[in-house]
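Before any comments, here is the structure.
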Amino acid sequence: MFNDLESAARGVKPEVGEVRAWMADQGLDGAVLAGSGSAWVGHCPEAREAERVEAAARLQGWRAWTVRPVEGGWAEQA
């Protein structure tokens with residue numbers, strides 16, 4: 001996963017790189033900055049792992065959600 005705007009966003013907000021490093025430390029399969037930097041998207045192959053990362057992100061004070069693929073698109077897990 002790749003976003004051409006990530007390096008520009010890091011230039012404006014160095015915290016962008018810190019979040020990428022945090023996500024890598026969590027063991028995600030991949031992570032990408034959404035758009036110009038309003039959000040990050042990470043991929044975990046297992047729901048339990050995604051829920052663990054969500055909880056860890058919330059401990060950082062970040063808003064985080066675990067989602068799962070459903071037929072025809074994506075939906076937030078209940």
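The values are calculated or read from the model by the stated rules, or taken from the named source; none is laboratory data. Keep in mind it's a predicted model, so treat the numbers as computed, not measured. Backbone-built Cβ (ideal geometry, glycine too); neighbour counts: all protein chains shown.
Enumerate the pairs (first residue in region 62-75 and under 15 Å from A50 (Cβ atoms); second residue anywhere and assigned to a loop (DSSP other than H, G, I, E, B) and at pLDDT below 75) with beta-carbon separation below 9 Å, excluding pairs fewer than 6 apart on the same chain, so at least 6 apart or on different chains.
W65/Q77; T66/Q77; V67/Q77; R68/Q77
Every residue in region 22-42 that is over 12 Å from L5 (Cα atoms) and among the aliphatic types (A, V, I, L, M), please.
M23, A24, L28, A31, A39, V41
Can you confirm whether G37 is on the phi > 0 side of the Ramachandran plot and more than 13 Å from the chain's Cα centre (by Cα)?
Spelling it out, it is not the case that G37 is on the phi > 0 side of the Ramachandran plot and more than 13 Å from the chain's Cα centre (by Cα).
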